[in-house]
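FYI, it's all coordinate maths here, none of it is from the lab. The structure presented is a predicted model; accordingly, all values stated were derived computationally and were not measured. Cβ placement follows ideal geometry from the backbone for every residue including glycine, while neighbour counts extend to all protein chains displayed.
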Amino acid sequence: MSLTPLDIHNKEFSRVFRGYDEDQVNEFLDQIIKEFDIMLKEKRQLEERVATLNEKLSQFANIEETLKKSLIMAQETADELKANARKEAQLIVKEAEKNADRLINDALAKSRKLVSEIDELKRRASVYRMRFRSILEAQLEMLDNGDWENFEKIEEDLAKNMTE
């Protein structure tokens with residue numbers, strides 16, 4: 001059981017012969033009551049302050065926990081963004097490599113086709129030269145043979161036949 005200032009104030013002592021001076025005892029008890037009352041008020045104020053501080057501490061602990069969770073979430077998000085960026089970069093590089101390979105293969109195919117066409121044109125030009133040379137040689141041989149006189153006779157016979 002705790003002692004209150006009222007308990008001290010209401011305390012009655014039995015009277016004895018040659019006991020203490022009643023006025024001194026009452027005066028001392030009044031002083032104790034005042035001091036005890038002051039201490040109780042201070043105790044209540046301190047308890048209220050402790051409760052307030054505990055509440056603030058709890059709020060700060062909640063804020064700290066929220067900040068920790070936010071930091072963890074931000075770190076995870078940043079890590080995820082980095083991983084996604086790396087994946088996207090790898091995909092872009094792979095796509096660029098595929099495009100480069102395709103362009104190189106297309107260029108090689110076109111160059112092979114052009115080389116083939118050039119070879120075909122060279123072959124045709126060679127055949128044409130050979131044919132042209134053969135025709136020219138045949139024409140020169142005709143000029144050298146003297147068959148022109150026969151040609152003139154054939155031409156005259158043809159002209160007579162047409163007029164008749």
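Think of it as helices only: each DSSP H run of n ≥ 4 in the chain is worth -39500 (n - 2.57), and spread over all residues that comes to -33500 deg cm²/dmol at 222 nm.
Helix 148-163 axis versus longest C-alpha principal axis of the chain: approximately 80°, rounded to the nearest ten. Taking a straight line from the alpha carbon of Lys56, these lysines sit under 30 Å away, with near neighbours fewer than eight places off in the same chain left out: Lys41, Lys43, Lys68, Lys69. Between the exposed loop cleavage positions of the chain, defined as chymotrypsin sites (Phe, Trp or Tyr not before Pro) in a non-H, G, I, E, B DSSP state with at most 15 neighbouring beta-carbon atoms within 10 angstrom, the longest gap is 21-164. With respect to the chain, whose longest principal axis is taken over its alpha-carbon atoms, helix 22-145 is tilted by about 0°. When the P(r) is computed for the chain, the part past 22 Å accounts for 81% of the Cα-Cα pairs. Note on Lys153: aspartates and glutamates with a C-alpha under 18 Å away, same-chain residues under 8 apart excluded, are Asp144, Glu164.
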